[in-house]
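J.: Just passing along the structure, written as C-alpha cells.
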Amino acid sequence: MTSTPQTSADPVPSDSLANRYGRSQSAGPSFLKRRGKWIALLALVAAIAVTVWFTASSHSRALDWKDVGFTIDSPTQASVTFQLTKDPEETVQCAVQVLSPEFAVVGWRTVTIGPETPTADALPSDRTTMYDVDLRTDSLGTNGGVNKCWFP
C-alpha cells in the first residue's frame, strides 16, 4: 500500500473572501479610521475658530441703551433722557420717539452721537453716558424713549 504524505498546512481555498474580492479585510478600516480622525480634527479646529471669531466680534462693538425718563412739556414739545453704553471712539445713531396714549408715534428724532472726549474724572472703563434729547411732537404724548440704536 502506498500512501501519499499529508501536509500540515492546507492551501487557502480559492473561494475565500480575500481571493474573491482582491483585498484583505484589514486594509480598508485602518485607512478609513485615519481619514475619519483627520476630518474630525479639522472640524473641531474650524468650530473653535468660528466660536472665537464670533466672541471677539461681539465684544468689540458692544452697544446698549436704557431709558431713564421723559418729560412732556407741552402738546408740541417733549424730552427723553437715556443712557448709552458704547466704546468712546465709536459713532452711534439712536432713534428717539414719543408715543400717544394709543401708542402712535407723535414725535421722532434720529440722534447721531459721535466719539467722546474723556473728562478728567472719567475712568478708562467708563463707557456709559447720559443723554437728554428734545423732540417736537404733533400732539400730546404720554410716553417717550429710545426705539433703537445702531452703528451707522
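The values are calculated or read from the model by the stated rules, or taken from the named source; none is laboratory data. Predicted, not measured: the structure shown is a model, and the values here were computed from it. Cβ sites come from the backbone with ideal geometry, for glycine too, and all protein chains shown count toward neighbours. Surface areas here come from the heavy atoms of the whole protein model, side chains and all, with no ligands, DNA or RNA. Shrake-Rupley method; radii C 1.70, N 1.55, O 1.52, S 1.80 Å.
J.: So for Lys33, Lys86, what's the accessible-area order with a 1.4 Å probe, most first? Please list the in-between numbers first.
T.: Working: Lys33 135, Lys86 5 Å².
Heavy-atom accessible area, descending, gives Lys33, Lys86.
J.: Which order do Arg35, Arg127 take by accessible area at a 1.4 Å probe, largest first? Write out the running numbers ahead of the final one.
T.: On the way: Arg35 135, Arg127 70 Å².
Ranked from most to least accessible, the order is Arg35, Arg127.
J.: Expected output is a single nm value to one decimal: the length gained when fully extending between Thr128 and Asp67, i.e. 0.36 nm times separation in residues minus the C-alpha distance. What is it?
T.: Details: separation 61, 0.36 × 61 = 21.96 nm, distance 1.25 nm.
Extra length available between Thr128 and Asp67 comes to 20.7 nm.
J.: With a 1.4 Å probe and all protein chains kept in place, how much accessible area does Ile39 have, in Å² rounded to the nearest 10?
T.: 100
J.: Still on this structure, please answer the following. Modelling each spin label as a point 7 Å along the Cα-to-Cβ direction, I'd like the Lys148/Phe103 distance in nm, to one decimal.
T.: Placing both labels 7 Å along Cα→Cβ, they lie 1.7 nm apart.
J.: Tally Lys and Arg at +1 and Asp and Glu at -1 over the other residues with C-beta under 14 Å from the C-beta of Ala40: what net charge comes out?
T.: Working: positive: Lys33, Arg34, Arg35, Lys37; negative: none.
Within the 14 Å Cβ shell, the charges total +4.
J.: Now, a different point. Order Thr129, Thr110 by their accessible area, 1.4 angstrom probe, all chains in place, largest first.
T.: Working: Thr129 45, Thr110 70 Å².
Largest to smallest exposure gives the sequence Thr110, Thr129.
J.: Rg over Rh of the range 43-112, using C-alpha atoms and the Kirkwood radius, what does it come to?
T.: On the way: Rg = 18.8 Å, Rh = 15.3 Å.
Rg/Rh: 1.23.
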